[in-house]
Structure formats: structure tokens, C-alpha cells
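A short write-up of the structure that comes next.
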Amino acid sequence: MNRFSLFYSVLLLIFCNAAFADKRHPDPDGCFSCHGLPDLKYIDKQGQIRSASILKSDYYGSLHGSVPCKDCHRKITDYPHEEKDGLVDCGETCHVKEPSNGKAFTHKDIAKEFEKSAHGKGVSKDFAAGNRIKEDSDSALPSCRRCHDNAPYIAASQMDAFKKEFSHNDAECGTCHEGDAWRNQFSGHILRRYIGNHLNKNVSNKLCIDCHGNTEKMAKVEQEDPLTKEKKAVSLEFIHSTESYDKTLHGRLLKDGGLHGASCVDCHAPTGLHHGIKRDEDANSSVNPVHLKETCGQSNCHKDYSKSVANNGFLNSEMHSVATLGLGIETKLEDILKPDFAAFKALSIWYKLAAILGSFTLVFGVASIAWSMFGDAGKLNKNNNNSIVGAERFQRIIIGSKPKKKESVWAKIKKRFEKSVQDKEKS
């Protein structure tokens with residue numbers, strides 16, 4: 001081999017290495033040598049038989065399909081390994097490079113936003129296949145994997161929308177992001193996220209409804225007072241939030257297939273990384289009355305309408321009012337003797353006003369009946385002057401004069417008739 005042949009051979013080798021340097025084998029550590037077996041099982045510390053098999057086809061076609069196992073399961077060095085060595089922290093930096101800036105990709109910022117949210121005490125690290133049951137039994141709060149499973153890139157129901165919206169993928173995206181390596185490893189993930197978040201709000205809502213749609217589970221939730229740190233029962237609006245949402249125009253639009261309705265995240269976490277959901281009592285919450293003008297006035301929403309002071313009533317209307325549900329609440333004797341003020345506070349303002357005005361009406365109604373029967377004007381008590389502020393008693397005792405005898409209705413009619421006859425005769 002002459003020097004020129006050797007030079008070109010080395011040049012070709014360098015070029016090939018450069019061309020394929022970014023490609024990554026999904027299983028460089030050989031994890032599927034064991035976990036790819038169809039019937040791999042073990043008995044955990046609780047004595048339960050668990051499956052450790054992973055279907056290659058499902059994994060390779062999922063969101064993490066191009067990510068090597070040890071990018072997440074970093075402490076594994078020996079085989080077979082202990083469960084504790086496989087614990088995953090979703091806030092760690094991945095070995096995958098973010099293609100636009102070359103930096104290591106990470107969910108760390110999302111994890112920080114999540115930790116400051118109303119769900120922040122949920123699990124975001126130390127995940128393992130074997131501790132799912134413990135996670136479910138120890139906490140009702142959401143965790144990363146409770147909401148986000150390792151789903152396929154594009155759901156079958158969304159494939160048509162994907163093809164329609166991204167028919168330009170090769171022509172436009174490929175202008176900057178050339179090569180199969182980037183497209184195979186990154187574009188599917190990015191495009192799938194676009195489809196999920198922007199073209200199908202019902203998919204986004206399902207993450208919330210899976211928990212909040214379980215009214216029995218929600219009724220057992222206790223919220224922590226931000227000031228006193230004491231636990232308190234949740235309101236009826238909280239328990240039935242998904243049912244009341246379905247009654248709103250937002251929910252009805254999405255249910256009918258339209259995309260103009262607001263999803264849960266559109267209102268409760270419209271900014272940031274969409275994981276910072278806070279309770280309405282929190283001053284930083286997007287649904288706190290202070291921020292409703294900005295939240296409802298988002299682009300493509302009630303932008304101009306929310307700015308008008310005359311529409312403040314619209315902004316402060318109860319979007320999750322249980323008054324729209326017609327709940328058949330069973331009343332018990334102990335509930336009457338010991339009212340649930342928390343539940344009363346959660347009711348619509350119209351119920352509160354009706355309860356207050358109804359109480360006054362009841363008091364005055366009973367008093368009027370009693371007065372007509374036993375007061376100075378009462379037929380059953382004509383000779384009894386026990387009234388305290390009665391007109392007849394005042395006239396007789398205080399002034400010392402006798403009250404005029406009251407004319408009967410028939411006497412008044414007769415007098416008017418006689419007067420009318422006399423007037424006709426005169427005319």
C-alpha cells in the first residue's frame with residue numbers, strides 16, 4: 001500500500017467516525033442480555049414475585065428509547081445488581097446532549113419548579129421498579145412517574161395529526177438538524193411533545209383527571225395551611241373539580257373535540273415549565289384573584305375582555321362551583337347540630353345569601369304568626385295586654401286614652417256604598 005492509499009484510508013476512517021460519532025446504541029452496557037429475557041422474575045423483600053423483563057420493541061419506541069440504561073441507573077456496576085443501585089433521580093443531568101446548544105440535557109429545572117408547587121412533596125427521585133407499591137401506599141401526591149410514563153413517541157390516535165402538522169419535517173427541520181442520528185434520537189421526542197401539549201389538550205388533562213377525577217380519594221386529602229401549617233379538610237369544589245370543569249365552556253369545548261377550551265394547565269400553570277401548580281390561596285398562584293386578569297387574558301383567550309374593570313365580576317366568578325352539579329347531599333342530625341363551616345364556606349355566594357336571608361325570613365315569619373295569635377291584635381288574646389310595644393297598650397297605659405274601636409271590613413264597605421249613593425243623588 002503506497003503512501004497515498006494509506007492517506008486516503010486514514011481520511012476515510014476519520015470521516016466515517018465523525019459521521020457516526022453522534023449515533024448511540026440504546027443498550028451499550030448489555031442490560032438486555034438479562035432484562036430482555038421474556039420471563040425474568042425475582043422475589044422482592046416483601047415476598048412478592050416481580051417481573052424484571054423489558055420488551056425491547058416497547059422500550060426502543062418510547063421517549064427514553066435512545067437513552068442508554070446507565071444514563072439514569074448510574075450506580076449499577078455489578079451484575080446482577082441490588083435494587084438500591086438502580087434508583088433514578090429525574091432531576092439528574094442526562095448524558096444526552098441538547099442539540100441546539102450542545103449542553104447535557106436535564107430535567108433539573110422542572111424538578112425544582114415541581115418541588116415549589118402544591119404537589120411539591122410528591123416523589124421526584126429514588127425511583128425503582130420495586131418501590132412502586134411503597135410509593136402508592138405512602139403518598140397520595142403525584143410523582144414524576146405517576147403522571148409521565150415511558151409512552152410511545154406518537155400515540156396511534158395522534159398519528160394523523162402528526163403527519164398533517166409535520167409534513168414539512170424533512171424539508172425545514174432537516175435544514176439545520178441534518179442526519180439520521182439527530183432525527184432518530186431527538187426529533188421524535190420533540191415532535192411528540194408538541195403533539196401532546198399543543199394539539200391535544202385532552203391528553204394533558206388526563207394527567208390531572210387520573211387523580212382529581214377520583215372523588216373518594218380527593219375527599220381524603222388534607223391541605224396544609226400556609227401560615228399555621230395545620231392540616232385542614234378540602235372544599236367541595238376541590239373534591240368535585242373535574243365534574244364542575246366538565247360543566248364549563250372550557251371543558252365542553254374540549255370534550256366535543258374543539259381545541260379552543262382551556263386545559264387544566266392553561267389556567268393553573270400557564271407560565272414557566274408548567275409544573276408550578278399552586279393553590280388559589282397562594283399569592284403567587286396564577287388562579288389567585290390578584291393574577292386572574294393576566295391568566296384569563298392570555299393570548300388567544302379573554303385578552304381584551306379581562307382588562308376592563310367592568311368585567312371584574314366575570315374574573316371572580318367561581319369556575320368550580322358545585323352549584324352546577326346538583327349534588328344530592330345527605331343531611332344527618334349530627335351535621336345539623338354541628339354544622340360543617342368549611343363546607344358552607346365552599347358553597348356558592350348565592351347559597352350563602354339564601355341561607356342568611358332565609359334565616360331572617362324564618363324568624364320574622366314565626367314572630368308574625370305568634371303576634372297574630374297571641375299579641376294585642378290576636379283573636380285568641382283580645383283581653384290580654386301582655387304585649388310590650390303594642391300600640392293599644394301604649395295608648396292605654398302611657399297616654400291614658402282609649403283606642404278607637406276598629407271598624408270591621410263590612411262596615412267600611414257599607415259606608416263607602418252609602419257615600420257613593422249620596423254623591424249620585426246630589427249630582
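Within the stretch 26-57, restricting attention to residues that are within 22 Å of residue 72 (Cα to Cα) and charged (D, E, K, R), the residue that is surrounded by the fewest Cβ atoms within 10 Å (Cβ to Cβ) is 41. The single condition among (1) farther than 21 Å from residue 132 by Cα; (2) modelled with pLDDT of 85 or more that residue 66 does not meet is (2).
For the stretch 214-326, the helices (runs of 4 or more DSSP H) that sit wholly inside it and include 3 or more residues that are modelled with pLDDT of 90 or more, hydroxyl-bearing (Ser, Thr, Tyr) and surrounded by 18 or more Cβ atoms within 10 Å (Cβ to Cβ) are 241-247. Quick check on my filter: what residues within the stretch 126-138 are out of contact with any helix residue (DSSP H, G or I) (no Cβ under 8 Å at 6 or more places or on another chain) and under 11 Å from residue 89 (Cβ atoms)? Scanning the stretch 126-138 gives a single hit, 126.
Of the conditions (1) touching a residue at least 40 places away in the same chain (Cβ under 8 Å); (2) assigned to a loop (DSSP other than H, G, I, E, B); (3) surrounded by 15 or more Cβ atoms within 10 Å (Cβ to Cβ), residue 80 fails just one. Which one is it? So residue 80 meets the others, but not (3). Within the stretch 45-67, being among the β-branched types (Val, Ile, Thr) and within 34 Å of the chain's Cα centre (by Cα) holds for 54, 67.
The values are calculated or read from the model by the stated rules, or taken from the named source; none is laboratory data. Note that the structure is a prediction, hence the values are computed from the model and not measured. Cβ coordinates were reconstructed from backbone atoms using ideal geometry, including for glycine residues, and neighbour counts include every protein chain displayed.
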